[in-house]
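Bear in mind that the values in this text are calculations on the coordinates, not laboratory data. Please read all numbers here as calculations on a predicted model, not as lab measurements. Glycine gets a Cβ as well: all are built from the backbone with ideal geometry, and neighbour counts include every protein chain shown.
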Amino acid sequence: MHVSKRFVFLVTAVAVAALTACATAPETGRSQLILIDSAQETKLGFQAFREMKRKKPIVTSGSQAKRLQRVGKRIAAVAKVPHAQWEFVLFKDSDSANAFALPGGKVGVYTGILPVTKNEAGLATVIAHEIAHVTARHGAERMSQSTLIDMGGLVLSGALGQNKATHDMVMQAYSLGTTVGVALPYSRKQELEADHVGLLYMARAGYDPRQAVAFWQRFAEYGRKRGGKPLEFLSTHPLDKTRIAALKRLMPKALQEYKRAKRS
């Protein structure tokens, strides 16, 4: 009886969560499932960023740091993030061609990506992409998805009964299936969405959106020189050629935004 009640409770909790946590992504209008409130999400972002700044060396002066501040402020000015406390930090790590953004407006860029960005518009491509992750609340969406997957696992586990061999086999299949069939495709969808929204942001900030394609072409070449990437269906990011093709399809709209920004 105890297991039965727990099973019913978990099924009900999953159903209620799915029905009551709907949101809409900015610019794209994609339906989202977000179970975490923005205040909690922001608090987690601030904590994680403080910890990173404590552990990693930071570049605070020089032309690279100044460029980051200049570009970051221009992109942030066109992005709508309520109560954001924007902070752009250049982390000293020449081996990491990467950047990231955390809820609440915290953006980190590693020095290793600067040779690939090459110029201000290339850096704007990266920062606009990362800021788009913040405005679309992709972090909260991933946490919510992980929570639902965990809850689904508990429901499935409760329904399988006491046969350990069958239980373990089915749960392993569930874990693999949700990773390859749900989590990874979802992550790739978010990356393409951040490309989409970021392209509009950089255009609205007065940066030529065509430079986004040039950046990703350089990044693709950078990746090829370092041994390539895993197959797309096993990766959290789309293939470079996939995202470049998507950006080209969006370019007419982005160029309209860019021309409008240049006139204003």
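Between SER61 and ASP208, how high is the FRET efficiency from 1/(1 + (r/R0)^6) when r is the Cβ-Cβ distance and R₀ = 45 Å? Nearest 0.05. Here the calculated transfer efficiency is 0.95. Treating r as the C-beta distance of LYS241 and SER31 and R0 as 30 Å, the FRET efficiency rounds to 0.65.
Converting phi to 3J(HN,Hα) with the Karplus coefficients 6.51, -1.76 and 1.60 and the offset θ = phi - 60°, the range 36-52 yields 9, 7, 5, 5, 5, 4, 5, 4, 5, x, 4, 4, 5, 5, 4, 5, 5 Hz in sequence order, with x at every glycine or proline. On the beta carbon distance between LYS262 and ALA23, with R0 = 35 Å, the FRET formula returns roughly 0.60. Here MET251, MET202 are placed in order of increasing Cβ neighbour count within 10 Å, fewest first, which gives MET251, MET202. Residues TRP86, TRP216, arranged from fewest to most other Cβ atoms within 10 angstrom of their Cβ, appear as TRP86, TRP216. The alpha-carbon of LYS56 sits under 28 angstrom from the alpha-carbons of these lysines, leaving out residues fewer than 8 places away in its chain: LYS43, LYS66, LYS73, LYS92, LYS106, LYS118, LYS225, LYS229. Summarising the amide proton neighbourhood of GLN32: residues at separation of 5 or more, or on other chains, whose placed amide H is nearer than 5 Å comprise ALA23, THR24, ALA25.
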